[in-house]
Amino acid sequence: MAVKSMGEYDFPSRSRQELYGDDQLVSVWFQDTMWFASPAMFRAPRAMTWADFRDQMFVPFAEEDPDYDPAAPRTWMLHGAPFEPRDDQTLAELGVRHKDVIGTRVAA
Amino acid sequence: MQEQTTADDPQTKGVRDVGVVIQESENNRPVIEAIEADNPGCSVMHSPGLVRITAPGRIVITQETVEEKLGREWETHEFQMAIVSYFGNIQEWDDDEIVIAWDH
Amino acid sequence: MTLAPENKTKKAKKLSMKARYEALTRGLDWEPSYVEKDEMFPHLDYEGIKIHDWAAWEDPFRLTIDAYCKYQAEKDKRLYAVLDGFAQGQGHLGLTDASYLNAMKIFIQGVTPLEYGAHRHFAYLARHFAGPGPRFAALCQSIDEIRHMQTEIHTLSNYNKYYSGFHNWPEEYDRVWYLSVPKSFFEDALSCGPFEFLIAVGFSFEYLLTNLLFVPFMSGSSFNGDLPTMTFGFSAQSDESRHMTLGLEAIKFLLEQDEANVPIVQGWIDKWFWRSYRVTALVAQMLDYMLPRKVMSWKESFELYFEEQMLGGLFEDLAFYGITPPRHVEDAIKEKEILSHQVYWTLYQFSFAAAFTTSAPSDEHMDWLSQAYPDTFDTHYRPLWEKEKKNIEAGGRHFAPGLPQLCQVCQVPMLFTEPGDATTFAQRESEFEGEIYHTCSNGCQWIFEREPEKYRQAWLPVHQIYQGNCGGPTVPEVLEWYGLQDGDAGEYIGSRDHRNWQAWQGEAAADTATPDETKAGA
């Protein structure tokens with residue numbers, strides 16, 4: 001169903017990727033704790049490596065949880081399926097799109 | 001937190017309740033008394049500052065009874081000063097009475 | 001001999017209410033002679049609503065200008081008498097606790113601007129409806145709404161002299177993340193056609209949900225020593241009864257005019273129930289967490305004012321026209337056990353960037369919550385607060401060290417969980433013209449997918465911060481852009497309001513030489 005309007009109605013997204021230059025928005029969803037009230041959103045370069053994303057963005061956020069264990073192995077989810085990112089892969093190479101949500105939990 | 005006095009259990013009758021919420025104040029006390037007098041099946045619930053009156057199917061507020069309780073003239077428009085909320089449909093708002101009821 | 005001329009103009013018997021209302025709404029109307037009617041009312045066709053007979057609109061209140069002015073003046077007189085007395089008697093010192101005012105801060109920041117928006121748009125309806133009855137009702141509502149805005153500002157300005165968080169609300173409304181929730185809701189309605197706005201605000205917000213917003217709120221202020229707020233609440237709510245009537249009259253009118261209107265109206269009810277309901281999430285947490293002295297829980301309030309009165313009463317009535325209860329209402333019912341806890345937990349950890357403060361609930365407060373929510377509080381939320389208690393003892397204080405993902409439609413952080421599963425965050429993803437969008441619930445996703453061209457334009461605070469549009473890339477820069485000052489945000493305990501409150505209560509205790517030193521935290 002289209003918007004009912006008096007004239008033409010077609011305006012761009014206010015969050016489209018080009019507004020972030022070489023970066024994009026990426027959210028991290030903590031799937032095994034309710035400590036963080038919602039997933040966290042970051043702005044990250046598409047060319048950022050997984051190791052940098054994890055160490056510079058994810059870890060500083062996650063370690064605010066007193067139960068966060070930096071040594072615990074974690075599983076990661078993307079597009080509804082588990083994925084195993086290598087440290088040297090960039091977000092773009094991993095197929096992480098603008099506004100994608102990466103799920104994570106401590107491996108069982 | 002609330003105290004409720006129920007004259008009748010409306011749920012057993014299959015008639016849907018209507019209700020009106022009134023500010024609890026010295027000015028409004030006679031209005032509340034009039035509603036209680038004119039609607040014998042009603043329930044009254046008090047919470048801080050508020051009185052909620054419900055009745056199965058219909059609530060009527062009559063000018064005559066309110067005037068009697070107040071001891072002065074009262075036009076039905078004045079009920080706007082007392083009402084906080086209601087549920088149901090205002091079916092009538094005339095010179096002599098206000099009726100709240102469901103249409104269907 | 002006559003001492004004075006005979007009074008010839010013996011008071012004529014006034015016309016009946018019915019006759020006066022007829023004279024006002026029908027007698028003063030006219031047919032255009034040099035333009036066509038659809039040129040005079042050009043906005044009435046494009047939504048697809050068909051009206052055959054505008055004269056069929058009946059305002060049960062039968063309000064006329066003289067009666068309107070008389071009673072509105074009286075309402076204002078009563079309110080301002082209370083405000084004066086409160087200010088002169090330093091009434092703010094009689095509140096249960098300064099933390100109570102956090103609810104009022106959210107109110108003036110998030111609700112007062114909506115009154116102004118409603119004022120503007122009902123003025124538009126008063127111009128654009130082709131029937132004199134609805135035009136006059138809309139005109140009265142437009143004047144009511146600006147009165148509400150003014151009385152709210154006057155009332156709460158008394159607190160601005162002594163407390164943080166009240167000083168910059170109009171700008172905050174346009175900028176601050178949690179205020180984008182009510183703002184985007186209302187602007188969504190303002191950008192609809194006249195009939196959809198009427199169903200959105202007049203019916204879904206005013207009739208279906210306003211009781212949830214105002215009634216427990218007024219009891220809450222009464223119970224926490226806030227006489228002025230209680231009084232403006234009553235003053236506004238007495239108008240609200242008229243607005244509810246307009247909303248209900250509107251929906252019945254549209255449904256009776258043409259059968260083709262029924263599915264259109266149903267779609268609007270489905271959309272606007274959920275949009276309005278999401279805004280009430282802010283009220284849910286106020287009732288359960290922000291009032292030092294509790295009146296009723298959100299769950300109780302939802303059951304009474306929504307489930308019993310609306311689902312059990314109103315929708316039975318509307319079934320006559322073929323209208324069914326709002327889509328996704330079952331999800332809302334399932335949420336009543338968890339909503340306030342999830343929302344407050346969110347505000348608690350993001351209040352470093354808010355114009356109010358938060359604090360962990362005391363043991364006594366948690367016991368009340370356990371009692372009010374026997375099936376959920378002890379299982380899901382007490383453990384979080386116990387963990388936070390230890391965290392605080394260890395010198396921490398849980399503030400999220402970053403920004404939340406937001407729902408594209410309601411703009412609330414993605415804090416809601418799957419219906420019936422309180423431990424799995426809900427994530428809904430939709431794709432439109434090559435871009436993905438996230439929504440928090442079935443309801444918001446359905447709304448997005450119905451009109452993606454509209455919602456893709458959403459000004460989402462987190463996205464805007466990351467684009468650099470909100471003062472700069474760091475949190476302090478953003479807070480400065482929000483206009484926050486020292487004492488507005490963060491933790492309540494130890495805040496400026498808290499310290500002042502303790503000092504003032506201490507002085508009062510010293511003055512009267514009573515041993516009861518402070519009420520803070522009561």
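Values in this text are rule-based calculations from the coordinates and carry no lab data. Nothing here was measured: the structure is a model prediction, and the numbers come from that model. Quick reminder, even Gly has a Cβ in these numbers, built from the backbone with ideal geometry, and neighbours come from all protein chains shown.
The table for this structure:
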| quantity | calculated |
| --- | --- |
| Neighbour net charge for A:A2 - beta-carbon separation under 12 angstrom, K R +1, D E -1 | -2 |
| Region C:30-54 versus region C:364-387: alpha-carbon centroid distance in Å | 56 Å |
| Region C:172-199 versus region C:421-489: alpha-carbon centroid distance in Å | 15 Å |
| Inter-site label distance for C:S157 and C:A503 at 7 Å from Cα along Cβ, in nm | 2.5 nm |
| Virtual paramagnetic centre 7 Å along Cα→Cβ of A:V106, amide N under 20 Å, in region A:4-38 | A:28-38 |
| Translational diffusion coefficient (Stokes-Einstein; Kirkwood radius from C-alpha pairs) of the protein assembly as shown at 25 °C, 0.890 mPa s, in µm²/s | 89 µm²/s |
| Relative intensity, log₁₀ I(q)/I(0), of region C:178-266 from a Debye sum that treats every alpha carbon as a point, q = 0.13, 0.21, 0.26 Å⁻¹ | -0.53, -1.03, -1.22 |
| Equivalent ellipsoid, region C:47-186 (semi-axes from 5 times Cα gyration tensor eigenvalues, Å) | 34, 21, 10 |
| Cut-off 17 Å, label 7 Å out along Cα→Cβ of A:D88, residues of region A:39-70 by amide N | A:47-53 |
| Stokes-Einstein D (µm²/s) once Rh is taken as the Kirkwood radius of region C:283-328 over alpha-carbon pairs, at 10 °C in 1.306 mPa s | 132 µm²/s |
| Most mobile of B:D17, B:D94, B:D38 in a GNM of chain B (Cα contacts under 10 Å) | B:D94 |
| Net charge contributed by nearby residues that have their C-beta within less than 15 Å of C:L125 (K/R +1, D/E -1) | -3 |
| Gain on full stretching of the segment that runs from C:D375 to C:Y124 - 0.36 nm per residue minus C-alpha separation | 85.7 nm |
| Cα long-axis angle, helix C:65-88 against chain C (0 to 90 degrees, to the nearest 10) | 20 degrees |
| Neighbourhood charge, 12 Å Cβ-Cβ cut-off, centred on C:Y381 and excluding it, Lys, Arg +1 and Asp, Glu -1 | -4 |
| When the convex hull of its Cα atoms is projected in every direction, mean area for chain A (nm²) | 9.2 nm² |
| q = 0.16, 0.17 Å⁻¹, region B:3-101: log10 I(q)/I(0) [Debye, one scatterer per Cα] | -0.61, -0.70 |
| Dimensionless Rg ratio for region C:108-217, taking C-alpha atoms and the 2.2 N^0.38 Å reference | 1.12 |
| In nm, spacing of pseudo-spin labels at C:D486 and C:E187 (7 Å Cα→C-beta vector) | 3.3 nm |
| Debye log10 I(q)/I(0) for region C:240-300, one point scatterer per Cα, at q = 0.26, 0.27 Å⁻¹ | -1.04, -1.06 |
| Largest-first principal axis extents, alpha carbons of chain C, Å | 84, 80, 45 |
| Cα centroid of region C:61-105 to Cα centroid of region A:9-73, whole Å | 46 Å |
| Computed over region A:1-55, Kirkwood Rh from alpha-carbon pairs, angstrom | 14.5 Å |
| Angle in degrees between helix C:132-160 and the longest Cα principal axis of chain C, rounded to the nearest 10 | 30 degrees |
| Kirkwood-Stokes translational diffusion coefficient of region C:364-522, alpha-carbon pairs, 4 °C, 1.567 mPa s, µm²/s | 65 µm²/s |
| Shape metrics for region A:39-102, restricted to C-alpha atoms - Rg then Dmax, Å | 11.7, 33 |
| Separation in nanometres of the label points that stand 7 Å from Cα toward Cβ, at C:D421 and A:V3 | 3.4 nm |
| Helix C:101-110 vs. chain C, principal-axis angle (Cα, 0 to 90°, nearest 10) | 50 degrees |
| Normalised alpha carbon radius of gyration of region C:197-315 [divisor 2.2 N^0.38 Å] | 1.14 |
| Highest to lowest packing among C:22-34, C:131-143, C:483-495, scored as the average C-beta count within 10 Å | C:131-143, C:483-495, C:22-34 |
| Neighbouring partner chain Cβ atoms per residue of C:359-369, average, 10 Å criterion | 0 |
